[in-house]
Amino acid sequence: MSATATTPASLRKTPLNATHRAHRAKMVDFGGWDMPVEYSGLIAEHMAVRTGVGLFDVSHMGEIQLRGPEALDAVQSFTMNDASKLAEGQAQYSALLTPQGTFIDDILVHKLGANDYLLVVNAGTCEKDFAWIKQQSQRFHCHANDYSKYYSQLAIQGPRAIDVLRRLTSVNLAAMRNYWFAWGTVCGVGNVLISRTGYTGEDGFEIYIPSDEATSARVWSEVLEAGAEFGILPCGLGARNTLRLEAAMPLYGHEIDDQTNVLEAGLERFCKLDKPEFVGKAALVALRDSGGARRKLIGLEMMERGIGRDGYRVLDTTGAAIGVVTSGSPAPFLKKNIALAYVPVENSAVGTELAVEVRSTAVKAKVVALPFYRRAAASR
């Protein structure tokens, strides 16, 4: 879809939609949202985040708040990580699971206060997640509210993100550790949640501002102005996808879904089976005790010309199909063609030679350690 095309009435729009279109972003249908896939180009945007700083509109994400004297008990009952370990002002990666230990969604849990939690969920699953959370929390003395429409969320990502945001807030960003957050004034807007989180594999921040169009557009513009010295680029979801792939961060509907369990996805470090009962725990304990997952998420590096795209078959050295690529593309920073795929555990060791079927041709690949890319220590 061109930047000047009329937005289909059925597509949802973030408060920055007019801004994206006015600046000729390439817009696409992303899970029912009219979103920018790129501005100046995917590679340029990807490299800006890896080497400098980029700005993303992620206002399509959902924000669900649980508040009440038993809010922690509720969160503990339906998320896989241990929210009791959170201090006020701290966030954690977690997930909502089915009773079978598969994924409803992966989420971020923020502890706002002793009885107050903010759950940030994926855009395409927000309604489903909210319904599940409301159902699961009914037996606890707390209430859940979907506040998604009240927030615009901007992600300032890259090694120079801290330098940009310092110009726009008096909050001590250097003191904020990864996966912690604070409240402060940004661009003259008060009571903004500033979180040192992101989905790019780089250092960076996500800010939650009022969702009115005027405020959203002004803050977007002022972030870009503040970052001009550092080569900031507005970025689309195309670069966000290649950045998270280099960092081997899972994407719902690709690496994780309601048919994929936590152990095979390799996310057991975030799943605290030693905490009290939660939805999905019994199934995962039984799977662990019976020998573990039968398949495993692996990283593949293509050894011959060819790109292992989503859905392509993975082959063993005999040519037998043993798995499927969940995400694959060229890696702009690494300058390699990479992919994530599920294969049987016996084919998952680093160094194993496999192949990906690319347009009926077996293209050689090898299993490599994950993540493909790991950033240097965060700036201070």
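Within the set L300, L354, L340, the sole residue that is closer than 24 Å to C271 by Cβ and crowded, with 16+ Cβ neighbours inside 10 Å turns out to be L340.
Would you say E206 is in a strand (DSSP E or B), under 23 Å from V49 (Cα atoms) and of a type outside the set (A, V, I, L, M)? Yes; evaluated as a whole, the condition is true for this residue.
With respect to the conditions (1) at positive phi; (2) in contact with a Gly (Cβ under 9 Å, 6 or more places away or on another chain), G68 lacks only one, and its number is (2). Only one of the numbered conditions (1) of a type in the set (G, A, S); (2) surrounded by 21 or more Cβ atoms within 10 Å (Cβ to Cβ); (3) out of contact with any helix residue (DSSP H, G or I) (no Cβ under 8 Å at 6 or more places or on another chain); (4) closer than 22 Å to D57 by Cβ is not met by A228, and that is (2). Residue count for the stretch 49-91 under the criterion of being within 19 Å of R196 (Cβ to Cβ) and among the aliphatic types (A, V, I, L, M): the result is 9.
Checking the condition crowded, with 23+ Cβ neighbours inside 10 Å, touching a residue at least 40 places away in the same chain (Cβ under 8 Å), within 30 Å of E301 (Cα to Cα) and small (G, A, S), which residue from G238, G253, G204 passes? Testing whether each residue is crowded, with 23+ Cβ neighbours inside 10 Å, touching a residue at least 40 places away in the same chain (Cβ under 8 Å), within 30 Å of E301 (Cα to Cα) and small (G, A, S) leaves just G204. Scoring R269 on the criteria (1) crowded, with 17+ Cβ neighbours inside 10 Å; (2) more than 30 Å from K13 (Cα to Cα); (3) not β-branched (V, I, T) leaves a single failure, condition (1).
Would you confirm, using the coordinates I've provided, whether A349 is within 25 Å of the chain's Cα centre (by Cα) and among the small types (G, A, S)? Answer is no for this residue.
The number of residues in the stretch 78-94 that are crowded, with 18+ Cβ neighbours inside 10 Å and either in contact with a Ser or Thr (Cβ under 7 Å, 6 or more places away or on another chain) or farther than 12 Å from C271 by Cα (or both) comes to 6. Kindly establish whether T98 is among the β-branched types (V, I, T), surrounded by fewer than 23 Cβ atoms within 10 Å (Cβ to Cβ) and under 20 Å from Y252 (Cα atoms). Taking the combined requirement at face value, the residue satisfies it. Applying the criterion of being crowded, with 24+ Cβ neighbours inside 10 Å and part of a loop (DSSP other than H, G, I, E, B) to the residues of the stretch 42-69, the residue that is nearest to the chain's Cα centre (by Cα) is S59.
Per-residue answers, yes or no, for (1) at pLDDT 95 or above; (2) of a type in the set (D, E, K, R); (3) over 29 Å from L267 (Cα atoms):
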residue: P8; (1), (2), (3): no, no, yes
residue: T14; (1), (2), (3): yes, no, yes
residue: H20; (1), (2), (3): yes, no, yes
residue: M27; (1), (2), (3): yes, no, yes
residue: G41; (1), (2), (3): yes, no, yes
residue: V58; (1), (2), (3): yes, no, no
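Sub-6 Å Cβ pairs linking a first residue in the stretch 266-287 that is farther than 24 Å from H254 by Cβ to a second residue that is among the small types (G, A, S), at least 6 apart or interchain, are F278/S77, ordered by first then second residue.
Among the candidates A174, A182, the residue that is within 24 Å of the chain's Cα centre (by Cα), of a type outside the set (D, E, K, R), part of a strand (DSSP E or B) and at pLDDT 95 or above is uniquely A182. Only one of the numbered conditions (1) in a strand (DSSP E or B); (2) within 25 Å of W183 (Cβ to Cβ) is not met by A95, and that is (2). Within the stretch 151-182, being under 21 Å from E225 (Cα atoms) and among the polar types (S, T, N, Q) holds for S152, Q153, Q157, T169, S170, N172.
Checked against the criteria, S152 does not count as more than 21 Å from the chain's Cα centre (by Cα), in contact (Cβ under 8 Å) with a residue 60 or more places away in the chain and surrounded by 20 or more Cβ atoms within 10 Å (Cβ to Cβ). Within the stretch 155-171, the set of residues being touching a residue at least 60 places away in the same chain (Cβ under 8 Å) and either under 19 Å from P99 (Cβ atoms) or among the charged types (D, E, K, R) (or both) comprises R160, D163.
The values are calculated or read from the model by the stated rules, or taken from the named source; none is laboratory data. Because the structure is predicted, anything quoted here is derived from the model rather than measured. When we count neighbours, we look across all protein chains shown, and the Cβ atoms used for this are built from the backbone with ideal geometry, even at glycine.
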